[in-house]
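The values are calculated or read from the model by the stated rules, or taken from the named source; none is laboratory data. All values reported here derive from a predicted model rather than from experimental measurement. Reconstructed Cβ throughout: ideal geometry from the backbone, glycine too, with neighbour counts over all protein chains shown. Areas reflect the complete protein model, heavy atoms only, side chains present, ligands, DNA and RNA absent. Shrake-Rupley method; radii C 1.70, N 1.55, O 1.52, S 1.80 Å.
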Amino acid sequence: MFTIVKQIIVNKIPGSGGKPRAAFCLDPDLAHPIKTITMKFTITKARSLTAGVIAATIALCPITATPVVAQTSPVTLNTLSASEQAALRNGQTVVTGENGNYQAKILISARPDAVWAVLTDYNNFYRFLPNIASSQILSVNGNTKVVEQISVREVFGVTVRSRLRTESRENGRSQIDFRLIGGDLKTLQGYWKIESVPGSNQVLLIHQVQAEPQPGIPPGIFYGIFKNSLNPTMNAIRQEAQRRS
């Protein structure tokens, strides 16, 4: 995500002699002024490492856009393992992968066009996706859209406001390829794919995503937080698609 942060103040960091430390990172490419967000919090012994992770994670830095991740073999309900099929039919979200490369799957009892309408309702993401404060389309070029989202969330007890700008390419009303073109991650890319389930009124929604943190951020902690965010997002999309059907 693209964090709107100029200054972070951390108190009582071990080795600092009790003096506050400040971290600064400015983005020269933003077209509009950034409001300063100042965060003050006291770090206990158990939270000293966590504070460092927060400071590193929400620092705003330039990012290089990367190609959309390539899709390998087609995924359908019948190609999944018996255990995954059973979990999906029981209403669960199935998330697989590790180290920043994940695939999330969920069954949705809705028409394919209803699911597509939810995935492409960029201007209203804030109404149904968790932690999204605002979302808007910035530009349209054929089937490609640039979308900006503002999110607000609690990370280890600290409120973090962030901005994410993506380029999404819509393909045949069944797949959306996306890539990050602005944000505080090193890479973020992937796709959404809708697969009809023959003989039912359900669709299989597949979300493939690759993410990599900026250097200096502990990968293990970052990947754990990122992976845990996939389940509530998939469930929110299902709930909204079924509401619209």
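Just to verify a number: FRET efficiency for VAL152 and ASN90, C-beta to C-beta distance, R0 = 30 Å, to 0.05?
That pair, VAL152 with ASN90, gives E of 0.40.
Please list the non-local residues whose amide H lies under 5 Å from the amide H of SER174, H modeled 1.01 Å from N, same-chain partners needing a gap of 5 or more.
Those lying under 5 Å, H to H, from SER174: there are none.
Let me make sure I get this right: for segment 73-163, a, b and c are the square roots of the gyration tensor eigenvalues over alpha carbons, sorted descending. Under 1.5 in a/c it's rounded, otherwise prolate if a/b > b/c, else oblate. Which is it?
oblate
From the backbone phi of segment 183-190, what are the Karplus-calculated ³J(HN,Hα) couplings (6.51 cos²θ - 1.76 cosθ + 1.60, θ = phi - 60°) in whole Hz, Gly and Pro given as x?
Coupling constants for segment 183-190: x, 9, 9, 6, 9, 7, 7, x Hz.
So how do LYS227, LYS105, LYS186 rank on accessible area, 1.4 Å probe, biggest first, that is with the largest at the start?
Correct descending sequence by accessible area is LYS186, LYS227, LYS105.
Roll a 1.4 Å probe over the protein heavy atoms and report the accessible area of GLU167 in Å², nearest 10.
50 Å²
Among the listed pairs LYS186/LYS227; LYS145/LYS186; LYS105/LYS193, which have their C-alpha atoms separated by more than 18 angstrom in this model?
Long pairs (Cα-Cα over 18 Å): LYS145/LYS186.
If r is the Cβ-Cβ distance from ASN101 to GLN239 and R0 is 35 Å, what FRET efficiency results, to the nearest 0.05?
So the FRET efficiency works out to roughly 0.85.
Full extension from ASN228 to SER134: what is 0.36 nm times the residue separation minus their Cα-Cα distance, to one decimal in nm?
Length difference between fully extended and current span is 31.7 nm.
Compute the distance in nm between two label points, each set 7 Å from the Cα along the Cα-to-Cβ direction, one at TYR126 and one at THR144.
Between TYR126 and THR144, the label points sit 2.7 nm apart.
Non-local amide H neighbours of SER196 (under 5 Å, H modeled in plane, Pro and chain starts lacking H): which ones?
Answer set, sorted by chain and number: LEU204.
Give the long-range amide H neighbours of ALA133: residues separated by 5 or more places, or on another chain, with amide H under 5 Å away, using H modelled in the peptide plane at 1.01 Å from N.
Long-range HN contacts for ALA133: ILE150, SER151, VAL152.
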